[in-house]
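**Student:** My questions will all concern the structure given below.
The values are calculated or read from the model by the stated rules, or taken from the named source; none is laboratory data. Note that the structure is a prediction, hence the values are computed from the model and not measured. Note: ideal-geometry Cβ built from the backbone for every residue, glycine included; neighbour counts use all protein chains shown.
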Amino acid sequence: MKKRIIITALSVMLASSSIIPAYAAEPMKWNIDPNTYNAKEYGGINWMLAESLAATKVWAEGYREQLTVITADRDKFEAIVKIVCDTITYDESYATLVDNYTYRDGKGVCEDYARSIMALCQVAGIPCTYETGYAYGYAHGWNKVTLSGVDYYSDITSYDKLGDTALKLSATLWSDHEYRSSITEMDINTVANSFNTTYTDGGNMPDPGSNLKKMIGKSGKVVYVTKEDSEAFANNTITAAELIAKYPDLG
């Protein structure tokens with residue numbers, strides 16, 4: 001289900017400072033250093049998206065040895081489902097645009113489940129797509145997997161939330177699910193919790209419920225940043241240059 005994003009207005013006062021960034025939440029060890037990030041080296045995407053891609057892949061790689069020793073596809077997938085359900089608890093009030101926090105806090109929604117299933121399937125050698133569409137009246141994400149040559153739909157979010165085993169694997173799409181598109185590779189459309197679905201399904205601003213804060217860039221463009229970065233900037237513990245390095249649209 002779509003995450004809801006709490007919007008708090010915050011104007012960016014772009015001033016100089018040489019203080020090293022400090023974050024209000026528990027310190028996070030980034031896979032990509034935000035202070036030296038160069039968007040050109042990552043296809044022009046912003047730091048949050050690049051870091052989220054890296055975080056999900058690193059998380060999945062941690063299970064490679066456990067999954068690759070399993071021979072049968074069906075058994076591999078059962079192991080994948082268990083890992084994801086043990087890692088994430090459904091919480092529609094939880095949202096973050098950097099996926100590291102999803103795995104640290106163990107909370108998420110459909111995008112987190114579907115993305116994590118896809119990442120683990122790729123590690124395990126199971127063909128898998130990230131399916132987008134609508135279910136239960138909301139924008140929703142699930143997966144399509146190929147096990148021993150047979151295609152199945154898999155909605156692990158709803159399976160974990162409702163306990164209905166029919167949602168774990170189905171040869172046909174459920175009647176209350178409406179398909180929109182398939183994503184075949186881990187990319188910016190599969191990460192950064194709500195970053196893309198918010199704008200494609202929720203209009204031109206995030207929905208209520210996330211840890212995002214609204215900031216106004218030099219050009220007047222509205223940019224949503226994480227709560228930690230917003231507070232760090234307000235408290236003068238991160239400079240304007242450092243903030244823009246993470247969110248180029250602020251410049």
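**Student:** Please work out if residue 112 is assigned to a helix (DSSP H, G or I), acidic (Asp, Glu), closer than 25 Å to residue 247 by Cβ and in contact (Cβ under 8 Å) with a residue 40 or more places away in the chain.
**Tutor:** Values: assigned to a helix (DSSP H, G or I): yes; acidic (Asp, Glu): yes; closer than 25 Å to residue 247 by Cβ: yes; in contact (Cβ under 8 Å) with a residue 40 or more places away in the chain: yes.
Considered against the rule, which asks whether it is assigned to a helix (DSSP H, G or I), acidic (Asp, Glu), closer than 25 Å to residue 247 by Cβ and in contact (Cβ under 8 Å) with a residue 40 or more places away in the chain, residue 112 comes out as yes.
**Student:** Here's another thing I want to ask about it. Out of 57, 40, report the one residue that is basic (Lys, Arg), under 26 Å from residue 242 (Cβ atoms), in contact (Cβ under 8 Å) with a residue 60 or more places away in the chain and not in a loop (DSSP other than H, G, I, E, B).
**Tutor:** Of the residues listed, the single one that is basic (Lys, Arg), under 26 Å from residue 242 (Cβ atoms), in contact (Cβ under 8 Å) with a residue 60 or more places away in the chain and not in a loop (DSSP other than H, G, I, E, B) is 57.
**Student:** Do you know which of the residues in the stretch 228-251 that are among the charged types (D, E, K, R) and either buried (at least 17 other Cβ atoms within 10 Å of the Cβ) or touching a Leu at 6+ places or on another chain (Cβ under 7 Å) (or both) is nearest to residue 37 (Cα to Cα)?
**Tutor:** At the first step, the residues of the stretch 228-251 found to be among the charged types (D, E, K, R) are 228-229, 231, 242, 246, 249.
Now restrict to residues that are either buried (at least 17 other Cβ atoms within 10 Å of the Cβ) or touching a Leu at 6+ places or on another chain (Cβ under 7 Å) (or both): 228-229, 231, 242, 246.
Numbers: 228: 18, 229: 16, 231: 21, 242: 10, 246: 7 Å.
My answer is 246.
**Student:** Looking at 138, 130, can you tell me which residue is touching a helix residue (DSSP H, G or I) at 6+ places or on another chain (Cβ under 7 Å), aromatic (Phe, Trp, Tyr) and either touching a residue at least 24 places away in the same chain (Cβ under 8 Å) or surrounded by fewer than 16 Cβ atoms within 10 Å (Cβ to Cβ) (or both)?
**Tutor:** Criteria check complete, one pass: 130.
**Student:** If you check residue 178 against the conditions, is it modelled with pLDDT under 95 and either in a loop (DSSP other than H, G, I, E, B) or crowded, with 19+ Cβ neighbours inside 10 Å (or both)?
**Tutor:** no
**Student:** Residue 32 is checked against (1) part of a loop (DSSP other than H, G, I, E, B); (2) loosely packed, with under 14 Cβ neighbours inside 10 Å; (3) modelled with pLDDT of 85 or more and fails just one. What number does that condition carry?
**Tutor:** It fails just one condition, (2).
**Student:** Filtering the stretch 101-154 down to residues that are among the polar types (S, T, N, Q) and in contact with a Cys (Cβ under 8 Å, 6 or more places away or on another chain), which residue is farthest from residue 55 (Cα to Cα)?
**Tutor:** Within the stretch 101-154, the match that is farthest from residue 55 (Cα to Cα) is 146.
**Student:** May I pose another question? With (1) of a type outside the set (A, V, I, L, M, F, W, C); (2) more than 20 Å from residue 51 (Cα to Cα); (3) in a loop (DSSP other than H, G, I, E, B) as the list, and residue 94 as the residue in question, which single condition is left unmet?
**Tutor:** Of the numbered conditions (1) of a type outside the set (A, V, I, L, M, F, W, C); (2) more than 20 Å from residue 51 (Cα to Cα); (3) in a loop (DSSP other than H, G, I, E, B), the odd one out for residue 94 is (2).
**Student:** Restricting the first residue to the stretch 227-251 and requiring it to be within 16 Å of residue 46 (Cβ to Cβ), which pairs with a second residue that is surrounded by fewer than 20 Cβ atoms within 10 Å (Cβ to Cβ) and of a type in the set (Phe, Trp, Tyr) meet a Cβ separation below 8 Å and a spacing of at least six or different chains?
**Tutor:** 228/23; 229/23; 245/37; 246/37
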